[in-house]
1. If I filter segment 502-552 down to residues being surrounded by 20 or more Cβ atoms within 10 Å (Cβ to Cβ) and among the aromatic types (Phe, Trp, Tyr), which single residue comes out as nearest to residue 154 (Cα to Cα)?
2. Among the residues of segment 345-363, what is the count of those that are under 17 Å from residue 115 (Cβ atoms), surrounded by 24 or more Cβ atoms within 10 Å (Cβ to Cβ) and not polar (S, T, N, Q)?
3. Taking only pairs six or more apart or across chains, which ones have beta-carbon atoms under 6 Å, a first residue in segment 121-132 that is within 15 Å of residue 78 (Cβ to Cβ), and a second residue that is buried (at least 21 other Cβ atoms within 10 Å of the Cβ)?
4. Given the criterion within 24 Å of residue 6 (Cβ to Cβ) and part of a helix (DSSP H, G or I), identify the matching residue among 273, 321, 284.
5. I'd like the residue in segment 126-164 that is part of a helix (DSSP H, G or I) and over 22 Å from the mean Cα position of the chain (by Cα) and, out of all such residues, is nearest to residue 33 (Cα to Cα).
6. Among the numbered conditions (1) in a loop (DSSP other than H, G, I, E, B); (2) surrounded by 23 or more Cβ atoms within 10 Å (Cβ to Cβ); (3) not charged (D, E, K, R), tell me where residue 458 comes up short.
7. Could you tell me whether any residue of segment 155-176 is touching a residue at least 24 places away in the same chain (Cβ under 8 Å) and farther than 30 Å from residue 503 by Cβ?
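The values are calculated or read from the model by the stated rules, or taken from the named source; none is laboratory data. Because the structure is predicted, anything quoted here is derived from the model rather than measured. Using ideal geometry, Cβ is built from the backbone for each residue, glycine included, and neighbour counts are taken over all protein chains shown.
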Amino acid sequence: MTMQGMLYIALVFALVLGCAFPMGSYMAAIFEERVNYLAPVENGFYKLAGVDPKRAMRWTDYATTLLLLSVIHFLLLYAILRLQYYLPMNPLHIAGMSPRLAFNTAASFSTNTNWQAYAPESQISNGAQVFGLVVHMFISAAAGIAVAAAVMRAFTTGGLQSLGNFYADLTRITLYLLLPVSIIAATILVVAGSPQTFAQTFTAHTLDAGSQTIAIGPVAFQEAIKELGTNGGGFFNANSGHPFENPDAWTNLLENWLDLVIGFGLPIAFGIMLKDKAQGRALMFAMAIILSLGCIGSYAAEAAGNPLHIAAGVSASGGNMEGKEVRFGIVGSTTFNVAATGTSTGAVDSFTDSYMPLGGAIPLFLMQLGEVTPGGVGSGFYTIIVFALLSVFVAGLMVGRTPEYLGKKVQAKEIKLAMLGVLILTIFILAGAGFSLMTKSGFGSLANAGPHGLTEMLYAWSSATENNGSAFAGISADTPLLDYGLGSAMLFGRFAFLIPVLAIAGSLAAKPKLSASSGTFPTTGPLFIGLLIGVIIILGGLQYLPADTLGPLADQYLLAAGKTF
């Protein structure tokens, strides 16, 4: 590692955390309806949809509305993907997707996963990109933030019977947050060299007097919401390693910032809505500590180089550059990929399958922690709230008191729901990966044998269930088993966790808000931050330790011993 590399990581965190405070303040104003400069447009959408934005929704109404909208949009996207051959903006006459791949892709984009088991530039028309994928990038991101806003309201006061109105939250978040920032970011990307056109291709004349047909399209705008909404995926199969998606080191820094700023801003918004900013800062610092350690660890593993190359006398001064863009270097690549897996973005500017085993283990482990560092937009916040509840429960057991968090007593109902959410995803990841490796189809999807092959499959199921969407690039994902299996994991990972979270919010909202007493466990200082980090690692991550030991850790051991499998 170099001082320049460490300063780059420090720069990314300084820009993100510095902007998290004004971003959090702005989001709190949106959630509390103090932002209304587009009121005529907003009200026009409500009238067009026949929606009453003032109708109060209990948690059951909020959850039902979200589920119904998700089902409708899943079906619409499935239809677009199957029928894209007959739809406009398809001059290349790209065929419709197969039923299984359309199911996988519709599940992916409607759950903010954006896993892609296909080459987008050759298998998706511009029409399907714009009206299918990009629309869902906005809606899935806004839905996650809306749930986070509903959870925040549960703690603001006592005796609440409503968590807000889902339709109003979804509209306001899209209109006042996601669209404006995406337009600004897309404009910067266009200036930097990203295409933004409805043309499907252009012809380049090569130096040897030949020609080459190159795919283009409305790339910049999709890239902006892809990063800002922690969607992931990409207009091109090379993702953010493609120069049209990510032209240079400055756009790489911009996209890194877009990945993280909303996720870190949400705890700040929470503190503002609570009128206790220290509570929000404590959650933000817990997220930042874990992510910063992940960035440094992955950078160190890649900068150290390949032990086999070192043993063979090959210079390791440049570190492991396999699968990385020279224009980003090791630190720009690892910081981007760790941020993308610390969130649920899944975008990559280098290929994790080519990382050293420990370098690839860190993105894998960050997903397995539950995507809380800072996680997907909205989903990372409400997941860390679950871990905060578990933390005060553990603290309460230590001192023999009924645990409470932010004035709300945390009782058996909330803890059972919290543990259900944590454990049920673990079972799905481990059972899905294990079953896949027991089948001929699953085993045949692997590009590598031994521990690295296990890591590929474990990474795929972790990525799908945790709604991340990145992959160890060697895996062949377009098979019946993985199309339907991972597609189901995406739906399960989104909603099997989200529904218990809303149930917890509804239960806590109805409880009275108690004043702090001398026996109240403080939840703003270093002690709580350390406890929260410990609970996240122990309850969220160590369940995967046996599988990770057989995968990336065993892979690293073999390399260190000068062996390959």
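1. Result: 528.
2. Looking only at segment 345-363, we keep the residues that are under 17 Å from residue 115 (Cβ atoms), and these are 345-348, 351-353, 363.
Going one step further and asking which of them are surrounded by 24 or more Cβ atoms within 10 Å (Cβ to Cβ), we end up with 345-348, 352, 363.
Still in the list and also not polar (S, T, N, Q): 346-348, 363.
Qualifying residue count, segment 345-363: 4.
3. Listed by first residue and then by second, the contacts come to 128/80; 128/84; 132/77; 132/80.
4. That would be 284, the only listed residue that is within 24 Å of residue 6 (Cβ to Cβ) and part of a helix (DSSP H, G or I).
5. It comes out as 153.
6. (1)
7. No, that holds for no residue.
Here is a yes/no grid of residues against (1) more than 30 Å from residue 300 (Cα to Cα); (2) assigned to a loop (DSSP other than H, G, I, E, B); (3) out of contact with any Gly (no Cβ under 6 Å at 6 or more places or on another chain):
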{"site": "10", "(1), (2), (3)": "no, no, yes"}
{"site": "14", "(1), (2), (3)": "no, no, yes"}
{"site": "19", "(1), (2), (3)": "no, no, yes"}
{"site": "23", "(1), (2), (3)": "yes, no, no"}
{"site": "56", "(1), (2), (3)": "yes, yes, yes"}
{"site": "63", "(1), (2), (3)": "yes, no, yes"}
